[in-house]
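The values are calculated or read from the model by the stated rules, or taken from the named source; none is laboratory data. This one's a predicted model, so the numbers in the text were calculated from it and none came from an experiment. In this analysis, Cβ positions are derived from the backbone assuming ideal geometry, glycine residues included, and neighbour counts consider all displayed protein chains.
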Amino acid sequence: MYYVKIFRYLLLVLALSGGWVLNSSAQTTVPNQQSERSGLSKKERRKVRPQYIGVNIGTNRIKFRDFATSPLFYEGWTTYVGVSWLKADRYRESEAALTYSFGNPETDFNENVATSNFNRFELFYSRLYHVGAWSTSSFNTKVGWMLNTTGNLRTTPELGNYALGLEAFPTLFFSFKLTKNIGRTENKERRQNLSLRTNIGLVNAAYRNGFIHYPGQGIEVNEPDIFKNYELNVAGFRASTGLDYTRYLRNKNAIQISYIWDAYHTGGDLNRFEMANHTLKFTLLFNTNNQ
Amino acid sequence: MKNIILFFIPVILVFTACEDAFFEDDLASTNPRENFDYLWTECNEKYSYFALKNIDWDAVRKKYSAKIFEGMSEDSLFNVLGGMLAELRDDHTGLVSSFNISRFGTRYLGQDNFDWRIIVDHYLGQDFYASGPFAHGFLENGEIGYVWFPSFTGTVDDENLDFILERYTDTKGLILDLRENNGGNINDMFAILSRLVEEETILYYSRTKNGPGRDDFSEPEAARVKPHDDIRYTKKVAVLVDRGTYSAGSFTSLATKALPNVILVGDTTGGGLGLPNGGQLPNGWTYRFSITQALDLDLNPDFEDGVPPDVPVLFNWDDLTIDEVLERAILELQ
């Protein structure tokens with residue numbers, strides 16, 4: 001049964017790749033690309049690359065299951081906030097962000113309600129590079145990587161001694177991103193973009209409790225250490241996708257509406273962890289270098 | 001903008017549908033058999049005292065599995081599962097539903113040995129002091145200090161202890177009454193015992209289940225206590241215990257075996273030397289059971305069934321003016 005699910009996961013990855021594959025068939029180089037790039041040195045290109053500070057707010061629908069303490073899914077809406085840094089042009093894109101989600105997902109199966117006070121932290125940095133062979137005048141393709149660490153801090157009072165859940169999921173992703181200019185004008189100051197980014201976990205890790213989930217471990221020997229029984233498990237799988245609509249303003253700032261999907265399943269045995277996030281967020285991007 | 005929204009909606013729907021690829025099957029179930037199997041397996045792999053208590057968990061499965069049938073009521077299922085857990089003879093083990101909580105009841109293995117009213121009426125008087133979680137006063141014309149500590153609330157602090165120990169500095173001995181103290185926050189124990197030692201002392205050892213096998217445990221770790229920098233009590237101390245002394249109360253009782261100036265008076269404690277851990281069943285009920293072992297200084301886990309007193313004394317309920325356990329402790333301290 002589980003192999004069927006993995007097969008579905010692979011299908012999902014293929015589906016995500018679909019647009020990229022179709023797009024690559026165009027094989028049209030970007031007009032003026034060479035002249036644009038050759039006219040500036042690397043240092044100059046870096047200098048004129050637009051740079052933004054982003055402020056994000058949104059909502060995140062989460063669903064998770066921690067096999068160490070429960071076979072039941074916890075689901076609910078959380079509030080999402082974050083700050084980001086973005087430096088991007090057609091050829092290069094660097095992004096870093098720190099986000100925080102908080103809320104109270106719960107399970108109420110069979111009228112047994114348990115509510116988790118849930119806090120999710122995410123820190124990532126990514127680099128994307130233009131792929132000229134797979135780009136056209138209206139489509140831009142970039143590939144690269146993302147290093148992402150997501151941490152959860154959960155307390156579920158109904159679970160008594162094992163109420164606390166604290167874990168981190170470091171992931172190295174392979175990333176690719178398609179961007180389409182959908183504005184009706186070529187005017188750089190009023191352009192609109194739609195982009196789809198997909199991240200496939202290459203190295204998926206989880207740092208969480210081992211065989212026994214007992215957050216207060218060590219208290220009985222007068223040496224409390226919340227990480228005493230923790231293990232770094234490099235296994236499992238993770239993927240995420242971001243769909244962004246970006247509208248650039250006359251003052252060189254931008255607004256962005258995004259939908260982000262992120263799902264993972266850790267390795268391990270009795271301590272496996274599964275989670276899916278659906279984030280809808282609104283971002284104000286403030287241009288910081290007037291480019 | 002309308003087109004953008006129309007583009008977002010199907011993408012969101014696709015990924016919402018696809019998230020199942022990352023999840024294993026939904027295990028939520030009210031099926032009695034599935035819940036029985038889940039609980040039995042969790043205990044089988046994680047419970048820490050099968051060997052010591054000589055429990056044949058496979059035989060327990062056979063016995064209680066026969067009581068499971070399709071269509072049984074939740075109340076019946078609860079009684080079967082609760083009965084199965086009671087076979088572990090451990091009050092750190094239990095099942096919690098919205099309509100009942102299962103328990104074993106170690107305190108009922110022995111007679112009742114404590115009545116606070118007798119102590120107030122015939123020993124302490126009503127003008128006793130209450131300092132934080134402690135109630136205390138003088139006995140025997142000021143020669144003995146008596147401290148009742150009914151629960152490890154986690155609120156013991158330096159101010160409480162400084163006041164109490166300073167007050168009883170000139171006594172011949174101190175009585176710490178832990179009868180019917182069913183435990184709580186073990187940090188309190190280290191705070192109290194740090195006032196009774198003059199050098200760093202190993203109190204006991206602890207080890208944690210780290211695999212599904214019966215003997216899969218971590219290496220034993222020493223529980224140490226260092227002497228507090230401030231006021232300490234160096235004279236003789238009697239700790240009163242009974243079957244109702246459980247968990248952190250039993251840890252304290254076990255620790256007294258490593259302290260030469262402390263004696264244990266009363267009845268064998270209830271045990272509870274394995275820290276509890278657990279989770280939820282597929283039907284949403286919660287359970288817990290012991291996942292560690294406390295070992296004495298010879299690395300024996302034998303005290304899980306109760307820490308025996310150095311001076312065994314039982315209460316005589318024929319005379320409700322005398323607390324025999326307290327009387328004996330006073331005698332030991334004279």
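Go through region A:81-95 and report how many residues are in a strand (DSSP E or B) and in contact with a His (Cβ under 9 Å, 6 or more places away or on another chain). It would help to see each step written out before you state the result.
Step one: filter region A:81-95 for residues in a strand (DSSP E or B), giving A:81-88, A:92-95.
Cutting the leftovers down to in contact with a His (Cβ under 9 Å, 6 or more places away or on another chain) gives us A:92-93.
Matching residues across region A:81-95 total 2.
Just to be sure I understand, how many residues within region A:96-111 are without any contact (Cβ under 8 Å) to a residue 40 or more places away in the chain and either buried (at least 18 other Cβ atoms within 10 Å of the Cβ) or assigned to a strand (DSSP E or B) (or both)? Working first, answer last.
First pass over region A:96-111, keeping only residues without any contact (Cβ under 8 Å) to a residue 40 or more places away in the chain: A:96, A:98, A:100, A:102, A:104, A:106-111.
When the remaining residues are screened for being either buried (at least 18 other Cβ atoms within 10 Å of the Cβ) or assigned to a strand (DSSP E or B) (or both), the result is A:96, A:98, A:100, A:102, A:106-107, A:109-110.
Final tally of qualifying residues: 8.
The residues of region B:58-68 that are part of a helix (DSSP H, G or I) and crowded, with 16+ Cβ neighbours inside 10 Å, listed by number, are B:60, B:61, B:64. Considering B:295, B:314, B:331, B:273, the condition of being farther than 30 Å from residue A:272 by Cα and touching a strand residue (DSSP E or B) at 6+ places or on another chain (Cβ under 7 Å) is satisfied by B:295 alone. Of all positions in region B:14-22, none carries a residue that is modelled with pLDDT of 80 or more and touching a Pro at 6+ places or on another chain (Cβ under 8 Å). Is there a residue being touching a Ser or Thr at 6+ places or on another chain (Cβ under 6 Å) and in contact (Cβ under 8 Å) with a residue 12 or more places away in the chain anywhere in region A:245-258? Yes: one or more hits. Just to be sure before I move on: is residue B:298 more than 23 Å from residue B:105 (Cα to Cα), of a type in the set (Asp, Glu) and surrounded by fewer than 21 Cβ atoms within 10 Å (Cβ to Cβ) in the structure I sent? Judged against the criteria, residue B:298 is a match. Scanning region B:285-313 for residues that are at the interface with chain A (Cβ under 9 Å from one of its Cβ atoms) and under 19 Å from residue B:224 (Cβ atoms) yields B:292, B:294. Among the residues of region A:210-231, those identified as in contact (Cβ under 8 Å) with a residue 60 or more places away in the chain and at the interface with another protein chain (Cβ under 8 Å from one of its Cβ atoms) are A:210, A:211, A:213.
Inside region B:84-122, residues that are free of Cβ contacts under 8 Å to residues at least 24 places away in the same chain and either under 20 Å from the mean Cα position of the chain (by Cα) or surrounded by 21 or more Cβ atoms within 10 Å (Cβ to Cβ) (or both) make up a count of 5. Based on what the data block shows, is residue A:210 closer than 30 Å to residue B:204 by Cβ, buried (at least 17 other Cβ atoms within 10 Å of the Cβ) and under 27 Å from the mean Cα position of the chain (by Cα)? Criteria met by residue A:210. Of the residues making up region B:7-53, those that are polar (S, T, N, Q) and either outside any helix (DSSP H, G or I) or within 7 Å of chain A (Cβ to nearest Cβ) (or both) number 5.
Where strands (runs of 3 or more DSSP E) fall wholly inside region B:155-236, the ranges with 2 or more residues that are over 24 Å from residue B:331 (Cβ atoms) and within 14 Å of another protein chain (Cβ to nearest Cβ) are B:201-208, B:221-225. The lone criterion from (1) closer than 23 Å to residue B:143 by Cβ; (2) surrounded by 24 or more Cβ atoms within 10 Å (Cβ to Cβ); (3) in contact with a His (Cβ under 8 Å, 6 or more places away or on another chain) left unmet by residue B:256 is number (3).
Set side by side, the residues B:282, B:276 differ, and just one is within 14 Å of another protein chain (Cβ to nearest Cβ), surrounded by fewer than 24 Cβ atoms within 10 Å (Cβ to Cβ) and modelled with pLDDT under 95, which is B:276.
With respect to residue A:279, is the statement that it is closer than 30 Å to residue A:137 by Cβ and either touching a strand residue (DSSP E or B) at 6+ places or on another chain (Cβ under 6 Å) or among the small types (Gly, Ala, Ser) (or both) true? Full working, then the answer.
Values: closer than 30 Å to residue A:137 by Cβ: no; either touching a strand residue (DSSP E or B) at 6+ places or on another chain (Cβ under 6 Å) or among the small types (Gly, Ala, Ser) (or both): yes.
When the stated conditions are applied, residue A:279 does not pass them.
Can we say residue B:328 is among the basic types (Lys, Arg) and either within 18 Å of residue B:55 (Cα to Cα) or within 14 Å of another protein chain (Cβ to nearest Cβ) (or both)? Answer is no for this residue. For the residues A:271, A:253, the requirement of being more than 9 Å from chain B (Cβ to nearest Cβ), surrounded by fewer than 21 Cβ atoms within 10 Å (Cβ to Cβ) and polar (S, T, N, Q) singles out A:253. When the criteria are applied in full, residue B:262 meets the requirement of being surrounded by fewer than 24 Cβ atoms within 10 Å (Cβ to Cβ), among the β-branched types (Val, Ile, Thr) and at pLDDT 95 or above. Among the residues of region B:97-112 satisfying the criterion of being of a type outside the set (Ser, Thr, Tyr) and either touching a helix residue (DSSP H, G or I) at 6+ places or on another chain (Cβ under 8 Å) or part of a loop (DSSP other than H, G, I, E, B) (or both), which is farthest from the other protein chains (Cβ to nearest Cβ)? Going through the qualifying residues, I end up with B:111.
If you go through region B:184-210 and pick out every residue that is more than 24 Å from residue B:153 (Cα to Cα) and surrounded by fewer than 15 Cβ atoms within 10 Å (Cβ to Cβ), you end up with 3. Here residue A:283 clears all of (1) of a type outside the set (Phe, Trp, Tyr); (2) more than 10 Å from chain B (Cβ to nearest Cβ); (3) in contact with a helix residue (DSSP H, G or I) (Cβ under 8 Å, 6 or more places away or on another chain); (4) crowded, with 22+ Cβ neighbours inside 10 Å except the condition numbered (3).
In the set (1) crowded, with 21+ Cβ neighbours inside 10 Å; (2) charged (D, E, K, R); (3) within 13 Å of chain B (Cβ to nearest Cβ), residue A:180 fails one condition alone, (1). Which one is surrounded by the most Cβ atoms within 10 Å (Cβ to Cβ), of the residues in region A:112-139 that are within 14 Å of chain B (Cβ to nearest Cβ) and polar (S, T, N, Q)? Filtering first and then ranking leaves A:116. Scanning region A:237-291 for residues that are of a type in the set (A, V, I, L, M) and part of a loop (DSSP other than H, G, I, E, B) turns up A:249, A:270.
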